[in-house]
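Take a look at the structure set out below.
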Amino acid sequence: MARLRPLSGYPEWTPSERVVEAQLIESLQETFRLHGFAEIETRAVEPLDRLAGSSDAAKEIYTLGRLGADADAESKVGLHFDLTVPFARYVEEFQHALAFPFKRFQVQKVWRGERPQEGRYREFYQADIDVVGRDTLPAHLEVEVAVVMARALAALPIPAATMRVNNRRLVEGFYRGVGIEDVAGALRSVDKLDKIGPDGVRAELSGKGVSETAADAVLELARISASDAGFVAAVEDLWATTPTVPDVAAAEEELREGLAQLVALVEGVNAAVPGTAVADLRIARGLDYYTGSVYETFLTGHEDLGSICSGGRYDSLVAGGGFPGVGMSIGVSRLVSRVIGADLARASRAVPSAVLVAVTDESSRAASNAIADALRERGIAAEVAPAAAKFGKQIQYADRRGIPFVWFADSGEVKDIRSGEQSPADPASWEPPAEDARPRIVTD
């Protein structure tokens, strides 16, 4: 038989690892629900023309077709590579059934044909939250979305998360003030600052017609960072010596509006989850559709993983306009891979069963089954021993499975096999300790 070879980029977890993944997802879902976000699920496929558009995403899209079918006829749809494109279609399609502002969360698998590496997969879970308005969307919702995501991350068994935030209106107003015409192109260059460094950014900006003086100002702006409103003075000092365009009033109005929104964002997030938000004016989010707050989130001590959660404000979710919104997305599988790989958390056991009901002999299996069913009816996960072996072997079986309790039908007693404590029990009333009721995440 040929040796099985795993497919690179398609993670498969052991039962214990799956417990960790599932409980991280459950925790995120619970936080989102507590803040009034409704769950939706969209189909796995979208029309190729909608998926690809005019972006570079086309080369990463997996098309879908039936074996033996005509390729041209059957390759009109592809697996979605994120949750934003299908959400945009969903809002456009169901707009008359939705109440705006519409608050949604979505946790689904997506597929992306990129080069696999640590934390980057071709099939992975993503968790998104968005608030979408009809024609207008108040700026305070940019703070709310960031607060919800900060609370969701704080509830996970992971190191502290730092949310580095910026505002595109602030940055774009500044860029226009120093005479940059291709603002979107300059933003895409600054977004590469961590990858290519200041000299690389300066070279790219020069190639886009940005003067040396303007490039220096842009890089100086990108150096400004603060965990409170202290960044305002630094921006104002830089602005006082920078503008070069004749009519600077419009650029300054845009800058100051963005500055006020960024102050509100930093102070709002840190009031809700202290020490989380940092104003970082190098955060650009190179995608053109962002128009307000932008976010990138990093784990303390695990910055090499890159941003685990990002997003921003956009003027229109739908190509036709009229649906402004703000959203953030967590790369769940990316996060899970680090939690498991760095042993940040593990499952207390791999199986759901809290109790193994022992079998004295095969003639009494029906009685053991009845006890297990009585426990299950009360929501206690139980299983029956597969063989009527000696009790010592049945206890060993439970231990290998990670099941904490063994029930002896003949004596009506239950044993905690970790402590050895054994006591009488009634299947109609016995409860395991809360921490043993179901598998849970354990941290050091």
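The values are calculated or read from the model by the stated rules, or taken from the named source; none is laboratory data. Remember, predicted model here, so these are calculated numbers, not experimental data. Neighbour counts are summed over all protein chains in view; Cβ atoms, including those assigned to glycine, are modelled from backbone coordinates with ideal geometry. The accessibility values were calculated without ligands, DNA or RNA, using every heavy atom of the protein model including side chains. Shrake-Rupley method; radii C 1.70, N 1.55, O 1.52, S 1.80 Å.
Quick look at the numbers
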{"read-out": "Filter result for Thr291 (assigned to a strand (DSSP E or B), out of contact with any Ser or Thr (no Cβ under 6 Å at 6 or more places or on another chain) and open to solvent by 10 Å² or more (accessible area, probe 1.4 Å))", "value": "yes"}
{"read-out": "Filter result for Val384 (surrounded by 17 or more Cβ atoms within 10 Å (Cβ to Cβ), touching a residue at least 40 places away in the same chain (Cβ under 8 Å) and β-branched (Val, Ile, Thr))", "value": "no"}
{"read-out": "Residues located in the stretch 268-281, provided they are farther than 26 Å from Arg188 by Cα, in a loop (DSSP other than H, G, I, E, B) and not hydrophobic (A, V, I, L, M, F, W, C)", "value": "Pro274, Gly275"}
{"read-out": "Of all residues making up the stretch 213-231, the number that are surrounded by fewer than 16 Cβ atoms within 10 Å (Cβ to Cβ) and among the β-branched types (Val, Ile, Thr)", "value": "1"}
{"read-out": "Among residues of the stretch 47-67, those that are on the phi < 0 side of the Ramachandran plot and either open to solvent by 70 Å² or more (accessible area, probe 1.4 Å) or modelled with pLDDT under 80 (or both), counted", "value": "13"}
{"read-out": "Long-range neighbours under 9 Å by Cβ, at least six apart or interchain, first residue among the basic types (Lys, Arg) within the stretch 298-315, second assigned to a strand (DSSP E or B) and at pLDDT 95 or above", "value": "Arg313/Asn167; Arg313/Ser293; Arg313/Val294; Arg313/Gly325; Arg313/Val326; Arg313/Gly327"}
{"read-out": "So Arg400, is it loosely packed, with under 14 Cβ neighbours inside 10 Å, out of contact with any Phe, Trp or Tyr (no Cβ under 8 Å at 6 or more places or on another chain) and not in a loop (DSSP other than H, G, I, E, B)", "value": "yes"}
{"read-out": "Criterion violated by Ala284 - all others in (1) surrounded by 21 or more Cβ atoms within 10 Å (Cβ to Cβ); (2) assigned to a strand (DSSP E or B) satisfied", "value": "(2)"}
{"read-out": "Subset of the stretch 338-361 that is β-branched (Val, Ile, Thr), within 22 Å of Arg378 (Cα to Cα) and open to solvent by less than 10 Å² (accessible area, probe 1.4 Å) - its residue that is nearest to the chain's Cα centre (by Cα)", "value": "Val355"}
{"read-out": "Selection count where residues are surrounded by fewer than 23 Cβ atoms within 10 Å (Cβ to Cβ) and in a loop (DSSP other than H, G, I, E, B), scope the stretch 126-181", "value": "15"}
{"read-out": "Single condition Leu317 does not satisfy, out of (1) touching a strand residue (DSSP E or B) at 6+ places or on another chain (Cβ under 8 Å); (2) modelled with pLDDT of 95 or more", "value": "(2)"}
{"read-out": "Residue that is surrounded by fewer than 16 Cβ atoms within 10 Å (Cβ to Cβ), farther than 30 Å from Asp304 by Cβ and modelled with pLDDT under 95, where the choices are Asp416, Asp444, Asp410, Asp373", "value": "Asp410"}
{"read-out": "Among residues of the stretch 76-120, those that are assigned to a loop (DSSP other than H, G, I, E, B), at pLDDT below 95 and open to solvent by 40 Å² or more (accessible area, probe 1.4 Å), counted", "value": "4"}
{"read-out": "Failed item in (1) out of contact with any Pro (no Cβ under 8 Å at 6 or more places or on another chain); (2) under 19 Å from Lys103 (Cα atoms); (3) of a type in the set (Gly, Ala, Ser), with Ser316 passing the rest", "value": "(1)"}
{"read-out": "Whichever residue in the stretch 239-267 is part of a helix (DSSP H, G or I) and free of Cβ contacts under 8 Å to residues at least 40 places away in the same chain and, among such residues, is least open to solvent (accessible area, probe 1.4 Å)", "value": "Val263"}
{"read-out": "Members of the stretch 305-337 found to be hydroxyl-bearing (Ser, Thr, Tyr) and open to solvent by 10 Å² or more (accessible area, probe 1.4 Å), listed by number", "value": "Ser307, Ser310, Tyr314, Ser316, Ser329, Ser337"}
{"read-out": "Cross-chain or 6+ apart pairs with Cβ under 9 Å, the stretch 350-377 first and among the aromatic types (Phe, Trp, Tyr), then surrounded by fewer than 17 Cβ atoms within 10 Å (Cβ to Cβ)", "value": "none"}
